[in-house]
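So the structure is just underneath, and the comments pick up after that.
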Amino acid sequence: AQKITQTQPGMFVQEKEAVTLDCTYDTSDPSYGLFWYKQPSSGEMIFLIYQGSYDQQNATEGRYSLNFQKARKSANLVISASQLGDSAMYFCAMRERTQGGSEKLVFGKGTKLTVNP
Amino acid sequence: GAGVSQSPSNKVTEKGKDVELRCDPISGHTALYWYRQSLGQGLEFLIYFQGNSAPDKSGLPSDRFSAERTGGSVSTLTIQRTQQEDSAVYLCASSTGTRGDEQFFGPGTRLTVL
């Protein structure tokens, strides 16, 4: 079963508007972490924001905020005041334990965001 | 400071040849990860190193894949007898090793097996 689900293969937004990228997750571990990464066409994965399962408040980093709804197991990324440079693939990821006892990131399939001028 | 670096940025090889991919983590980061990104499978965890502990190899897809990390710093991912399905972007990431700390990724190595 998919651990991280991103239901939007592609999204379009007008420059200066806000956009929400959806992410739902599945875990039975009470302690987990959720991450969002941006991958521009250059290929590098850029960390955007982190939300811990015990964090009381939604995470924010500049124009990025995370709408964390624990009961719904959703961690949507909100980008405010979109810029042309925001056009990229966006990946939601969850930290989980490996079979070997360490930790890894499990990624969703990604959402391709296009910001239109 | 310098981020995670990987070399080569692109590698084209013939089926059956061995390849080595290199990763230089951020200085002071004790945790190092290898991931593979391919069109069909998305991003997959391969292997994890933490300090001097034995690596977690639970994500390696076959025994043709191996990795080592020398002196707790530079890591090399080796793929023996490459197959066409090994074609992918291989990403390396490092972190401080603190639970919840974000992983910083390198630019990746794009491997093409002909």
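The values are calculated or read from the model by the stated rules, or taken from the named source; none is laboratory data. Every value quoted in this text rests on a predicted model; they were computed, and no experiment measured them. FYI the Cβ positions are ideal-geometry reconstructions off the backbone, even for glycines, and counts take in every protein chain you see. Heads up: the accessible areas ignore ligands, DNA and RNA and are worked out on the full protein's heavy atoms, side chains in. Shrake-Rupley method; radii C 1.70, N 1.55, O 1.52, S 1.80 Å.
When you look at B:TYR48, is it within 14 Å of another protein chain (Cβ to nearest Cβ), closer than 23 Å to A:LYS3 by Cβ and at pLDDT 95 or above, yes or no? No, not satisfied.
In the range A:60-107, the residue that is farthest from the other protein chains (Cβ to nearest Cβ) out of those that are under 26 Å from B:PHE45 (Cα atoms) and among the β-branched types (Val, Ile, Thr) is A:VAL106. If I filter the range B:51-66 down to residues being under 15 Å from the mean Cα position of the chain (by Cα) and within 13 Å of chain A (Cβ to nearest Cβ), which single residue comes out as surrounded by the most Cβ atoms within 10 Å (Cβ to Cβ)? Here the residue is B:ASP56.
Of all residues in the range A:11-42, those satisfying the criterion of being open to solvent by 40 Å² or more (accessible area, probe 1.4 Å), among the small types (Gly, Ala, Ser) and touching a strand residue (DSSP E or B) at 6+ places or on another chain (Cβ under 8 Å) are A:ALA18, A:SER41. Residues in the range B:78-114 that are on the phi > 0 side of the Ramachandran plot and open to solvent by 60 Å² or more (accessible area, probe 1.4 Å): B:ARG81 only.
As for the range B:69-76, it holds no residue that is at negative phi, within 14 Å of chain A (Cβ to nearest Cβ), open to solvent by less than 30 Å² (accessible area, probe 1.4 Å) and not basic (Lys, Arg).
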